[in-house]
Amino acid sequence: MKIETLFNNSDSVLRFLPSRRDFLKNMSLSVALLWGFGLGGIESWFEKIANRPTRRPVNPDSTDSMTTVEIYEEAINLMKALPSSDGRSWDNQAGIHGTILGGFNRCNHQNSFFLPWHRAYLYYFEKICQKLTGESSFGLPYWNWTRPFVFRPGVNSSSSIPSPFWDTSSALYYSDRDATSSDVPPFDVVSQSRMETILDETNFLLFGSDDSGGAGPLEAGPHNTIHNFVGGTMGTGGAALDPIFWTHHCMIDYCWDNWNINRGHDNPNDETWLDQEWTDFVDEDGNSVKMSVRTTLLMPLLAYQYESSQIGAPAALFPLRSEAAFRRLRQRLERGAQVRLAIKKRIPFSRGMDLSTSKIASRELPVKARELKRLFETEHPDRALINIGFASMPKATNFFVRVFVNKQDTTMETKTEDIHYAGSFAFFGSSQAEIHQHKSASFLVDITNTLKNLRQKGMLKDDDTISLSFVAVPVTPSRVVKEEILQLEKLDLLLSPISVSERQ
Ligand code: C2O
């Protein structure tokens, strides 16, 4: 499908048409939409794109970064001053996502729209900030939680909530947080080596999230865990009331950008997915707008760019140095790939069982390693995923859960460097309202590499059965996990030939 035909129903684009015909001959409508042009001449379009707003990491030691943070603060004050009848007001913007007591509202979680929906949400929020402050080149700041602002080689630490967000006289401050200014998020969930594993995934549905499987490693791990680490309102549907929310989601979007653009992995080209449209947002003038998944996929190319900061292993930079480079990238983004997560086999663990948050829970699968031999093939090997579904949300969500494979003697202290470690997940949301909206809290944990490593080391023999251990760990050591029984709704092993097609 031609990009020009995508926007036939979109008022926000059509209003550009009459006066800009020449421009549009050279450019797609998507550019017009995202870039919101109007001032410059036709000849400078490439320059304008090259100079699109930059989203910078929050770094108290950098002047550019702090200028961005100041504009962000000013924007929050201006949004708070708007009347409640204005869709751009601070509370209304947060309300699109959800409310503290009412749970989630329009946001998408645990499905393949998790990334594009939150991208669109940030996009309009950023536009509103630009308009209200008059700073047209403003880009949202992002909180890179993988590492401290000033990185000291050899020091393993994630990043605390940046200091400007603790200034009680600033609009960036929010009193309802459980984290303190010196707490740092759990290192093993957000570290660069963990992020590298997550960013290395080629299949979008396993990188982001899948409609039937639930939250993938990015959402279930760093995303949910950071919500709970900040805690308070950030752990509820009303999360966007805390100014740190937008910098957290900007980081999540940066992860997607890095995965897609720098690392060259492709988004799905499924037409139904691309055509998904939302009317949840308002533009910078407060008018309601339509946004489609298809358009969100071009946003990092047209509407903003990220100032890089390391999140996994260093990835190639992607400066748009020429029109040709721009066209090539645009073509790749528009083409996408055929992405599938076909479940070949679903092996249920025992049903109707419970997990306690205060004991190590271990479960054995009725399957022997020899039945998984397709995993260990070199040509098109299968992948093994654990699909975990809970019937209800825990009352407290101040913990995350580490998953180990075939480690009978797992303890609270078992390190994630252990060869048996597979991944982790955390619950996001606080009320029953939230679980009802999600139907169930559901996660996908990929155990393929763990099984392969065990096999290679001779620690997984043909006759061995597969078992899983779950360890609930507090998001910071000072926040004690209360004993609670979590009712499992499903615990299945999925075997899947993960496929991402060759580009057509
Ligand atoms: Cu819809 Cu991080 O939240």
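Every read-out reported here was derived from the displayed coordinates using simple, explicitly stated rules and does not represent laboratory data. Worth saying up front: this structure is predicted, and the values here are computed from it rather than measured. Because the Cβ atoms are built from the backbone with ideal geometry, glycine has one as well, and the counts that use them run over all protein chains shown.
Name the shape class, rounded, prolate or oblate, that the alpha-carbon gyration tensor gives for the stretch 235-288, where a ≥ b ≥ c are the square roots of its eigenvalues, rounded holds for a/c under 1.5, and otherwise prolate holds if a/b is larger than b/c and oblate otherwise.
Oblate shape, in that a/c is at least 1.5 and b/c is the bigger or equal ratio.
Using a Debye calculation, one point per C-alpha and no hydration shell, please list log10 I(q)/I(0) for the stretch 354-488 at q = 0.12, 0.17, 0.21 Å⁻¹ in order.
-0.51, -0.93, -1.25
Any number yet on Rg/Rh for the stretch 195-288, C-alpha, Kirkwood?
Across the stretch 195-288, the Cα-based Rg/Rh ratio is 1.00.
All other residues with a Cβ under 11 Å from the Cβ of Met251 taken together, and with Lys, Arg as +1 and Asp, Glu as -1, what is their net charge?
Once all neighbours under 11 Å are counted, the net charge is -1.
Starting from 0.36 nm per residue, how many nanometres of slack lie between Lys290 and Ser137 once their C-alpha separation is accounted for?
Value of the extension gain: 52.8 nm.
Based on the Cβ-Cβ distance from Thr67 to Asn156, what FRET efficiency comes out when R0 is 41 Å, to the nearest 0.05?
0.85
Given DSSP loops and a limit of at most 16 other Cβ atoms within 10 Å, what is the longest stretch of the chain that contains no such chymotrypsin sites (Phe, Trp or Tyr not before Pro)?
174-504
Please find the FRET efficiency linking Ala325 to Asp418, where r is the Cβ-Cβ separation and R0 is fixed at 51 Å, and quote it to the nearest 0.05.
The value I calculate is 0.75.
Give a quick list of trypsin sites (Lys or Arg not before Pro) in the stretch 99-134 that DSSP marks as loop, anything other than H, G, I, E or B, with at most 16 other Cβ atoms within 10 Å.
Sparse-neighbourhood loop trypsin sites (Lys or Arg not before Pro): Arg106.
Using only Cα positions of the chain, each an equal point scatterer, no hydration layer, compute I(q)/I(0) via Debye at q = 0.07, 0.08, 0.09 Å⁻¹ and quote the log10 values to two decimals.
The computed values of log10 I(q)/I(0) come out as -0.37, -0.49, -0.62.
Can you give me the span-like helices of the chain, meaning DSSP H runs with 27 Å or more of Cα extent along the axis and Kyte-Doolittle mean at or above -0.5?
114-133
Note down the net charge around Trp273, summing +1 for each Lys or Arg and -1 for each Asp or Glu among other residues with Cβ under 15 Å from its Cβ.
Surrounding charge for Trp273 is -4.
Could you work out the percent of alpha carbon pairs in the stretch 341-411 separated by over 14 Å, rounded to a whole number?
Cα-Cα pairs of the stretch 341-411 separated by over 14 Å account for 71 percent.
To the nearest 20 debye, what charge dipole does the chain have about its Cα centre, counting +1 at the Cβ of each Lys and Arg and -1 at the Cβ of each Asp and Glu?
1080
Set Lys and Arg Cβ to +1 and Asp and Glu Cβ to -1, take the dipole of the stretch 163-249 about its Cα centre, and tell me which of Asn228, Leu205, Ser193 lies farthest positive.
Going by the charge dipole, the pick is Asn228.
Multiply the residue separation of Thr465 and Ile343 by 0.36 nm, subtract the distance between their alpha-carbon atoms, and state the gained length in nm to one decimal.
Answer, rounded to one decimal: 41.8 nm.
Return the inverse of the average 1/r over all pairs of distinct C-alpha atoms in the stretch 66-173, which is the Kirkwood hydrodynamic radius, in Å to one decimal.
15.7
Indicate the gyration tensor shape class of the stretch 252-366 (rounded, prolate or oblate), computed on the Cα atoms with a ≥ b ≥ c the square roots of the eigenvalues: a/c under 1.5 is rounded; otherwise a/b larger than b/c is prolate and the rest oblate.
Note, shape of the stretch 252-366 comes out prolate.
Within the set of other residues whose C-beta is less than 13 Å from the C-beta of Gly232, count the net charge using Lys and Arg as +1 and Asp and Glu as -1.
-2
Relative to the present Cα-Cα distance, how much length would full extension add between Ser175 and Lys395 at 0.36 nm per residue of separation?
77.1 nm
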